[in-house]
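The values are calculated or read from the model by the stated rules, or taken from the named source; none is laboratory data. If you're wondering where the values come from, they're calculated on a predicted model, not measured in any experiment. Counting neighbours? That spans all protein chains shown, and the Cβs are built from the backbone with ideal geometry, glycine included. To get the accessible areas, we keep the full protein, side chains included, count just its heavy atoms, and leave off ligands, DNA and RNA. Shrake-Rupley method; radii C 1.70, N 1.55, O 1.52, S 1.80 Å.
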Amino acid sequence: MRSHSSAAPRHSEPAEAQSALKHSRSYVTLADLENVEHQHQGGDLANQNNGHQVTLVQGANQIHGAFQSHHHKDSDALASNPFLEVLPNNVKTKVVSLTPVSPLASPRSGVYNNNSSSSLSSDRRGGKDSSGRRKGRKRHLAYLSIVVLLVAIFYRQDQILRREDAGRTVAETLTNYRPQELWSYSSTLKSLFGGLHLAKEKKGRTPSSSSSEVSFQSHYDKWNATRFAAPLLTEWGERMSPQDVVSLEHHPRPQMRRPGKWMNLNGFWDFKVENIAWNFFPSKLGFEEKILVPFSIESALSGVAKGVGSDKQLVYRRYVNLASPPSATRERYILHFGGVDWKTWVYVNGNLVGTHQGGYDAFHFDITDHLSSSDSKSSSQQEITVVVWDPTEDGSQPHGKQWQNKGSDRLIAPAGMWYTSVTGIWQTVWLETVPETFYIEDVQLIPDIKSGTLTAKVRSVTSTGLMPYIKVTARDGESGIVGTGSGWSGDEVVMKFDDSHTPKLWSLESPFLYNLTVSLHLSGKGEAIDEVESYFAMREISLGRSGDAVQFLLNGKPVFQYGVLDQGWWPDGLYTPPSEEALIFDITKAKEFGFNLIRKHAKVEPDRFYHLCDKLGMLVWQDMPSASGIYNWSPDGAHDFKEGEKTPEAASSFVGELRGVMRTLYNHPSIVSWIPFNEGWGQFDTRDIFAWMQSYDPQRLLWVSGGNDFGIGSAFDRHVYPGPTFVRLEQCRASLLGEFGGNGFAIEGHTWSTGDYETFLNWGYAEVKSLKELEELYQQQMDVLDALVKEGLSAAIFTQLTDVESEFNGIMTYDRKVMKLDPSAMKSYHEKLYSSGSLPKLGLHKNGTGESFSKVKCDWE
């Protein structure tokens with residue numbers, strides 16, 4: 001998507017160990033290794049083998065740890081051997097590394113450690129005579145000789161495999177690209193370190209000496225040290241490996257998938273921080289450090305954990321090796337960025353391919369015309385450079401809750417509600433190939449449950465002038481094909497369900513998703529030129545009356561929406577969750593607590609978050625992150641119908657990014673409303689922006705949260721802390737409590753300790769002295785809220801899901817390790833709210849001002 005983007009024309013080892021135990025690459029079995037041991041008086045040599053760090057790969061299984069022989073006498077050590085549990089004794093296995101165990105290795109450092117196997121044998125520790133020592137040296141020399149021989153064999157096998165791979169086309173290479181199944185040690189590093197070795201191989205490119213000589217272990221050790229120096233870690237951050245980020249298991253854009261046609265470019269990239277050089281390609285010098293993408297440079301999981309500042313720019317670099325020169329294929333290469341904060345310049349082989357402004361909307365560039373061909377017919381290496389500048393609060397762009405200078409007099413109190421800034425790449429970077437003839441760039445899906453149809457607006461790109469013919473096919477996992485539609489590109493394609501199929505609606509209890517295939521053809525009878533896999537849901541969100549009150553309806557039925565405020569921050573990854581499992585945890589915990597809604601506050605998540613909400617049945621209110629500006633707001637509405645101003649450039653930038661966010665997330669059924677402004681932060685041109693948003697996406701609800709209210713939109717929203725309290729009823733808008741609660745209580749050992757917020761320890765809107773008091777307070781609040789629901793309140797948001805940095809008003813601690821409230825008790829309170837919300841609101845004759853409450857004909861009726 002191109003909105004708001006502009007395209008441009010460990011520890012040192014003894015020398016003898018270093019020479020003998022080099023990284024190796026081959027296919028052997030564990031039995032082969034043990035046969036080698038038996039050939040050299042078994043027991044002693046086995047003790048030498050045991051304790052060496054080995055990485056074995058078999059299919060998708062990859063195990064790293066201390067090798068244990070079947071013939072080791074210590075049964076406890078054998079029982080803890082991970083290789084024997086996973087890898088069969090007689091199956092060919094890839095040995096991708098063999099190094100001596102570090103004497104300082106520990107589970108905390110991420111290296112599998114077995115004390116019984118890493119210790120020397122008692123014969124070697126005891127006082128042997130000189131004859132015994134000579135025999136030991138001979139055995140050692142014999143062992144080294146075998147290792148050297150094995151290395152030579154491995155090298156020959158490596159070269160054979162390389163020759164076999166050389167004839168693949170680009171499409172075949174991307175189709176077969178599996179980072180967890182790479183066939184050689186060097187290839188693994190190429191994927192993870194972004195060309196650490198590739199740059200050395202390519203003529204004409206001379207990377208820094210550190211890039212070509214530093215091993216994986218040294219980078220891992222530095223990253224590991226930074227990770228465990230973090231103020232707080234989640235369980236996913238504690239156990240993650242850098243290789244996890246290059247997985248192909250989770251597609252970054254789950255509703256626009258081309259299976260086998262994409263490559264994950266996450267991993268270690270070169271980086272440097274330097275003075276700003278506007279629109280100039282950065283020098284190739286100074287790339288002496290590594291950063292783990294997609295984590296922002298300020299986060300612990302990036303391996304850096306340092307700020308940049310608004311007077312500097314952050315420069316990334318990596319190399320990508322394509323199996324065939326671009327000229328040998330009839331495909332286009334599309335480089336995708338899920339999110340980069342904030343202004344980005346992208347270069348390929350030194351050529352500027354495009355720029356982008358915006359930290360929250362995805363963007364991409366066609367880089368085909370900037371790729372270079374090498375002399376080799378089997379490979380083509382490309383250099384990708386990304387330059388990022390982020391002024392955060394010093395600029396006028398949206399930045400949400402980020403703030404660099406916590407001592408600034410421009411900081412809006414309380415200071416504890418502002419968090420660590422995020423700079424640079426913070427979502428997945430990936431490359432995919434598309435057909436040269438034409439391809440699908442974007443699809444907008446609009447379901448209509450009344451007519452039982454799905455309208456698909458397909459935007460295609462063609463460089464040939466040919467007009468594509470579109471086919472849309474819906475599938476139900478149980479019934480196969482249940483609906484089809486077709487038509488020429490440029491028109492809306494309407495898919496109708498088969499007469500024999502009754503559409504299944506998406507609901508909180510049953511979030512059913514249809515699989516969808518969209519394909520482009522030369523004609524109605526031609527084969528597919530391009531095809532994407534997607535999904536959709538049949539659901540409708542609207543306003544309606546339930547007795548005397550305006551309520552939110554889901555598929556035509558009133559549903560009280562009770563949600564939790566979710567800032568979306570992580571102590572180890574900041575903006576970026578440490579894993580997919582971490583995202584699932586947050587959403588499922590919210591459901592276990594009994595919430596049916598998440599308000600994503602002042603942040604936009606990676607596409608995967610909304611995909612999971614689609615699958616799990618969780619409603620989402622999506623905020624647009626706020627921008628800096630004049631702040632005039634009062635919770636009592638004193639500043640309603642008032643707003644600030646922006647320069648023309650800042651205004652255009654905001655709306656451009658807002659449009660990018662809405663377009664990226666348009667097809668997710670879990671998202672039921674947009675909130676462009678929160679509490680007046682950076683609010684401007686409210687009426688015009690509302691008119692544009694309602695025109696762009698008429699299928700969702702829209703309002704400002706907490707003020708400044710302009711009497712327009714779908715809801716009248718007030719924020720009251722700690723609350724809850726009454727919100728006046730309106731004739732044609734739903735009334736809701738957009739924020740309340742904020743009950744603060746810190747759990748010792750699970751707090752963010754950086755020294756930046758000493759005066760905000762235990763900060764919250766309502767503070768208690770014990771967990772028992774916390775639960776009693778929440779129960780009291782639920783009793784009051786239930787009464788408000790019966791009086792016509794249509795929705796409410798409780799602050800908040802987790803602690804965040806100096807804020808201790810979460811239901812969970814920041815590291816997600818402690819639940820402060822009992823989920824089952826909370827769920828029972830919430831069930832009462834939903835029961836009250838489903839009943840008609842009768843006898844409501846007055847609003848909050850005491851004036852007569854009368855029904856009028858509303859635009860939506």
Checked pairs for region 623-647, first within 23 Å of residue 566 (Cβ to Cβ), second open to solvent by 30 Å² or more (accessible area, probe 1.4 Å) and outside any loop (DSSP other than H, G, I, E, B), C-beta under 9 Å and 6 or more apart or across chains, list as 628/394
Looking at (1) at pLDDT below 95; (2) surrounded by 19 or more Cβ atoms within 10 Å (Cβ to Cβ); (3) not β-branched (Val, Ile, Thr), find the lone condition where residue 406 falls short. (2)
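Among the candidates 554, 522, 516, which residue alone is closer than 30 Å to residue 593 by Cβ and modelled with pLDDT of 95 or more? Walk me through how you get there before you give the answer.
Working: 522 fails: closer than 30 Å to residue 593 by Cβ; 516 fails: closer than 30 Å to residue 593 by Cβ.
Unique residue meeting the criteria: 554.
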Condition check for residue 666: of a type in the set (Ser, Thr, Tyr) and open to solvent by less than 10 Å² (accessible area, probe 1.4 Å): yes
Is there any pair with a first residue in region 487-513 that is within 26 Å of residue 528 (Cα to Cα) and among the hydroxyl-bearing types (Ser, Thr, Tyr) and a second that is outside any strand (DSSP E or B) and open to solvent by less than 50 Å² (accessible area, probe 1.4 Å) whose Cβ atoms are under 6 Å apart and which are 6 or more apart or on different chains, and what are they? 489/468
Quick one: residue 505 ticks every box in (1) of a type in the set (A, V, I, L, M); (2) out of contact with any Leu (no Cβ under 8 Å at 6 or more places or on another chain); (3) farther than 30 Å from residue 591 by Cα except a single one, so which number is it? (3)
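Of all residues in region 493-545, count the ones that are touching a strand residue (DSSP E or B) at 6+ places or on another chain (Cβ under 8 Å) and assigned to a loop (DSSP other than H, G, I, E, B).
Of all residues in region 493-545, those touching a strand residue (DSSP E or B) at 6+ places or on another chain (Cβ under 8 Å) come to 493-498, 501, 503-508, 512-524, 526-545.
Restricting the remaining residues to those that are assigned to a loop (DSSP other than H, G, I, E, B) gives 498, 501, 503-504, 507-508, 512-513, 522-524, 526-527, 537, 539-540.
Of the residues in that region, 16 qualify.
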Determine whether residue 699 is assigned to a loop (DSSP other than H, G, I, E, B) and within 30 Å of the chain's Cα centre (by Cα). yes
Kindly indicate whether residue 464 is in contact with a helix residue (DSSP H, G or I) (Cβ under 9 Å, 6 or more places away or on another chain), within 30 Å of residue 320 (Cβ to Cβ) and open to solvent by 20 Å² or more (accessible area, probe 1.4 Å). no
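Residues that are within 22 Å of the chain's Cα centre (by Cα): which strands (runs of 3 or more DSSP E) entirely in region 547-600 hold 3 or more of them? Reasoning before the result, please.
Working: elements: 549-554, 561-566, 597-600.
Counting at least 3 such residues, we get 561-566, 597-600.
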Reported set for region 415-433 where residues are surrounded by fewer than 23 Cβ atoms within 10 Å (Cβ to Cβ) and among the aliphatic types (A, V, I, L, M) is 415, 417, 431
Scan region 519-545 for residues that are surrounded by fewer than 16 Cβ atoms within 10 Å (Cβ to Cβ) and of a type in the set (A, V, I, L, M) and report the count. 2
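Return the total of residues in region 601-645 being assigned to a loop (DSSP other than H, G, I, E, B) and at negative phi.
Initial filter on region 601-645 (assigned to a loop (DSSP other than H, G, I, E, B)): 601-606, 617-618, 624-626, 628-645.
Next, only the ones that are at negative phi stay: 601, 603-606, 618, 624-626, 628, 630-636, 638-640, 642-645.
Of the residues in region 601-645, 24 are assigned to a loop (DSSP other than H, G, I, E, B) and at negative phi.
So is residue 451 out of contact with any His (no Cβ under 6 Å at 6 or more places or on another chain), at pLDDT 95 or above, in a strand (DSSP E or B) and polar (S, T, N, Q) or not?
Values: out of contact with any His (no Cβ under 6 Å at 6 or more places or on another chain): yes; at pLDDT 95 or above: yes; in a strand (DSSP E or B): no; polar (S, T, N, Q): yes.
In short, no.
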Working only within region 482-505, note down all residues that are touching a Ser or Thr at 6+ places or on another chain (Cβ under 6 Å) and either modelled with pLDDT of 95 or more or loosely packed, with under 15 Cβ neighbours inside 10 Å (or both). 484, 492, 494, 496
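Just checking, how many residues over region 440-460 are within 17 Å of residue 663 (Cα to Cα) and of a type in the set (S, T, N, Q)?
Result for region 440-460: 3.
Could you please find all residues in region 607-658 being charged (D, E, K, R), under 33 Å from the mean Cα position of the chain (by Cα) and open to solvent by 10 Å² or more (accessible area, probe 1.4 Å)? Before you say what the answer is, go through the steps one by one.
Filtering region 607-658 down to residues charged (D, E, K, R) leaves 607-608, 614-615, 623, 636, 640, 642-643, 645-646, 649, 657.
Of the ones still in play, those that are also under 33 Å from the mean Cα position of the chain (by Cα) are 607-608, 614-615, 623, 646, 649, 657.
Selection gives 607, 608, 615, 646, 649.
Quick one: is residue 412 among the aliphatic types (A, V, I, L, M), within 30 Å of residue 810 (Cα to Cα) and open to solvent by less than 10 Å² (accessible area, probe 1.4 Å)?
Taking the combined requirement at face value, the residue does not satisfy it.
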Which fully enclosed strands (runs of 3 or more DSSP E) of region 280-371 have 1 or more residues being out of contact with any Phe, Trp or Tyr (no Cβ under 9 Å at 6 or more places or on another chain)? 312-322, 331-337
Would you check which residues across region 689-727 are closer than 19 Å to residue 558 by Cα and open to solvent by 10 Å² or more (accessible area, probe 1.4 Å) and list them? 699, 700, 701, 713, 714
Which pairs do you get when a residue that is modelled with pLDDT of 90 or more, found in region 208-232, comes within reach of a residue that is among the hydroxyl-bearing types (Ser, Thr, Tyr) and open to solvent by less than 50 Å² (accessible area, probe 1.4 Å), reach meaning Cβ atoms under 6 angstrom, with the pair 6+ apart or on two chains? 224/109; 232/814
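Go through 572, 548, 566 for me and flag whichever is modelled with pLDDT under 95 and either under 30 Å from residue 861 (Cβ atoms) or crowded, with 21+ Cβ neighbours inside 10 Å (or both). Reasoning before the result, please.
Numbers: 572 fails: modelled with pLDDT under 95; 566 fails: modelled with pLDDT under 95.
After ruling out the rest, the residue left standing is 548.
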Flag for residue 392 being within 30 Å of residue 645 (Cβ to Cβ) and of a type in the set (Ser, Thr, Tyr): yes
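Here are 820, 841: which of them is among the charged types (D, E, K, R) and either open to solvent by 30 Å² or more (accessible area, probe 1.4 Å) or modelled with pLDDT under 95 (or both)?
Details: 820 fails: either open to solvent by 30 Å² or more (accessible area, probe 1.4 Å) or modelled with pLDDT under 95 (or both).
When all the criteria are applied, what remains is 841.
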Could we say that residue 438 is touching a strand residue (DSSP E or B) at 6+ places or on another chain (Cβ under 9 Å) and under 30 Å from residue 300 (Cα atoms) here? no
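Regarding region 260-276, can at least one residue be identified that is aliphatic (A, V, I, L, M), within 13 Å of residue 430 (Cα to Cα) and out of contact with any Gly (no Cβ under 9 Å at 6 or more places or on another chain)?
If we filter region 260-276 for residues that are aliphatic (A, V, I, L, M), which is where we start, we get 263, 265, 273, 276.
In the following step, the residues that additionally are within 13 Å of residue 430 (Cα to Cα) were identified as 263, 265.
Add one more test, that the residue is out of contact with any Gly (no Cβ under 9 Å at 6 or more places or on another chain), and what stays is 263.
Yes, some residue in region 260-276 is aliphatic (A, V, I, L, M), within 13 Å of residue 430 (Cα to Cα) and out of contact with any Gly (no Cβ under 9 Å at 6 or more places or on another chain).
Name the residue, out of 488, 426, that is closer than 24 Å to residue 605 by Cα and of a type in the set (A, V, I, L, M, F, W, C).
Working: 488 fails: closer than 24 Å to residue 605 by Cα.
When all the criteria are applied, what remains is 426.
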